[in-house]
Amino acid sequence: MSSLLLSVVMWAFSFWLVADCLRRRVNPVWVVLILLIQPYGGVAYLLYLKWAQYRGRPVGAPPTRGTGDMGLPTQPEEAALDMADRLEEQQRFGEAVQIYRRALDREPNDPRALHGLARSAIELQQTHEALEAYEALMAIDPRYRNYAAALEYAEALHLAGRAADAAGLLEGLVEETGRLNHRLALAHYYEAAGQTARAKSVLSDALAAYASSPLLEQEANRRWHRRITDKLDELAAN
């Protein structure tokens, strides 16, 4: 009976160590050693963990190495993008762009990396690359970050001298959402494209939509109503 109990305990201990190996994603050889050489394989594995802890390196984690001209450590994808976002916030756009580009080399359709690259490239006046990134992002997720990326894309088109394309983008946006801020943006790009009459029409339609909306929605959109009214007055005075 005692030998059976000891055997059960040893197997339970071995399976627990195997689960730990799988969680840490260590070399699968350890799984074989733990199961075939009981209890010595498990003891060796525990000693290996202690040694790794003493060396200050997480078991199963890939070793750090330089990454190109920046000398940054290789990191998991999300951590690398977190770093790029922080660099962008610090206006270190050149460094951020390098990280976003490397992320896209690994995953070309990553929306977060595309968005970050587009924003940073615009700041560096790398308009062509920014537009390509925005276009790719729109193909993947045109509603990214509650349409914020689409509005940024329209402004990038405008900065590139493509006000008509920016207006076309906003036309689709207004048709889909009907939001007042999107209508105001559409009027802005119509005006930039020299289509003042269409800009006035869009603003007038926006005021009509506001007037027919529920009171709670009107309260939420009050600031946009004020801006639309001011813009319409400005266009009427010119």
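A short reminder: the numbers here are calculations on the coordinates, not readings from a lab. Please read all numbers here as calculations on a predicted model, not as lab measurements. Cβ sites come from the backbone with ideal geometry, for glycine too, and all protein chains shown count toward neighbours.
What ranking do 200-210, 215-225 get when scored by the average of other Cβ atoms within 10 Å per residue, highest first?
Values: 200-210: 18.5, 215-225: 12.6.
Descending mean neighbour count gives 200-210, 215-225.
Please report, in whole Å, how far the alpha carbons of region 74-159 spread along each principal axis, starting with the longest.
Computed over region 74-159, the largest-to-smallest principal extents equal 35, 24, 21 Å.
Please report Rg over Rh for region 79-238, where both radii come from the alpha carbon positions and Rh follows the Kirkwood definition.
On the way: Rg = 17.6 Å, Rh = 16.8 Å.
Answer for region 79-238: 1.05.
Counting only residues 5 or more places away or on other chains, whose amide H sits under 5 Å from the amide H of Asp110 once H atoms are built in the peptide plane?
Hits under the 5 Å cutoff: none.
Assuming 0.36 nm per residue, please report the length gained on full extension of the stretch Ala197 to Gln90 beyond their Cα-Cα distance. Each step should come with its number before you reach the end.
Working: separation 107, 0.36 × 107 = 38.52 nm, distance 4.13 nm.
Roughly 34.4 nm would be gained on extension.
If packing is taken as the mean number of other Cβ atoms within 10 Å per residue, what is the order of 166-174, 141-149, 180-188, highest first?
Details: 166-174: 21.0, 141-149: 14.9, 180-188: 23.3.
Taking the mean over residues of other Cβ atoms within 10 Å, the ranking is 180-188, 166-174, 141-149.
Please report the orientation-averaged projected area of region 123-211, defined via the convex hull of its C-alpha atoms, in nm². Mind showing how you got there, number by number?
Working: hull surface 22.5 nm².
Here the figure is 5.6 nm², rounded to one decimal.
Take the Cα of Glu217, step 7 Å along the line toward its Cβ, and report every residue of region 171-203 whose backbone nitrogen sits under 14 Å from that point.
Label zone hits: 175-183.
When Rg is the radius of gyration of the Cα atoms in region 161-238 and Rh is its Kirkwood radius, what does Rg/Rh come to?
Working: Rg = 12.1 Å, Rh = 12.5 Å.
Here the Rg-to-Rh quotient is 0.97.
Give the calculated FRET efficiency between Leu207 and Ala148 to the nearest 0.05, with a Förster radius of 35 Å applied to their Cβ-Cβ distance. Before the final figure, lay out each step's value.
Working: r = 24 Å, r/R0 = 0.69.
Computed FRET efficiency for Leu207 and Ala148: 0.90.
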